[in-house]
Amino acid sequence: MSELIKKQVTDARAHMDKAIEHCDGELQKIRAGKANPSMLDDITVEYYGTPTPLNQVGSVNTPDARTIVIQPWEKSLLNPIEKAIMEANLGVNPQNDGVIIRINVPPLTEERRRDLVKKAKSEAESGKVAIRNIRKDANEKIRKLKSEGVSEDEMKTGEAEIQKLTDSYIAKVDALSDAKEKDIMTV
């Protein structure tokens, strides 16, 4: 395999690693009935007129499996944090006691679990689509190398290598998805 094709395979692997990380991150945000600080990662709070991630305006902890506690750095942020959590529509009710905000995570109903499994499968499918797009781009780049003197056989070998890579990364996405599904459906 020529150096040019090896570079394309290496680039594709790096992009696929990023796609896996992104997919894993999105799956982590789906709650499985247990309190997890990452549930609040997408929430932003108005902080002096600037939307700021929640974890940058206070500490987020889980003292037990069903509770999340948010301790803001400034007391004036209690109401904006509470409002941001309500607007995020996470299916939880924050309780403000004037010092901290406590969120009790309710156990999931069977119907809610099924919805979350659908969402997890949708995220996994997005990850697979991203990996397939990376494969397509890599194969196009390999075909363009013909003008630089790369032989047909080397191009076929490169495309086969990219396909092997794609198959292995799609298997990784499936494994992440299956683990998340099992996590969600475990009562």
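The values are calculated or read from the model by the stated rules, or taken from the named source; none is laboratory data. Treat the numbers as computed from the prediction; the structure is a model and nothing was measured. So basically every Cβ, Gly included, is an ideal-geometry build from the backbone, and we count neighbours across all protein chains shown. Accessible surface is based on the protein model in full, side chains and every heavy atom, while ligands, DNA and RNA are left aside. Shrake-Rupley method; radii C 1.70, N 1.55, O 1.52, S 1.80 Å.
See the values below:
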| quantity | calculated |
| --- | --- |
| Among (1) farther than 30 Å from Ala138 by Cβ; (2) within 16 Å of the chain's Cα centre (by Cα); (3) open to solvent by less than 80 Å² (accessible area, probe 1.4 Å); (4) modelled with pLDDT under 85 - the single one Lys29 does not satisfy | (1) |
| Test: residue in region 140-153 that is of a type outside the set (Val, Ile, Thr) and within 24 Å of Asp24 (Cα to Cα) | no |
| Failed criterion for Lys146 (all others in (1) under 28 Å from Val60 (Cα atoms); (2) free of Cβ contacts under 8 Å to residues at least 12 places away in the same chain hold) | (1) |
| Cβ-Cβ under 8 Å pairs, at least 6 apart or on other chains, region 114-137 side touching a residue at least 40 places away in the same chain (Cβ under 8 Å) and in a helix (DSSP H, G or I), far side among the small types (Gly, Ala, Ser) and open to solvent by 80 Å² or more (accessible area, probe 1.4 Å) | none |
| Subset tally (residues that are at pLDDT 85 or above, open to solvent by 50 Å² or more (accessible area, probe 1.4 Å) and either closer than 18 Å to Pro72 by Cβ or out of contact with any Cys (no Cβ under 8 Å at 6 or more places or on another chain) (or both)) for region 112-137 | 13 |
| Any hit, region 2-14, residues being assigned to a loop (DSSP other than H, G, I, E, B) and either more than 15 Å from the chain's Cα centre (by Cα) or modelled with pLDDT of 85 or more (or both) | yes |
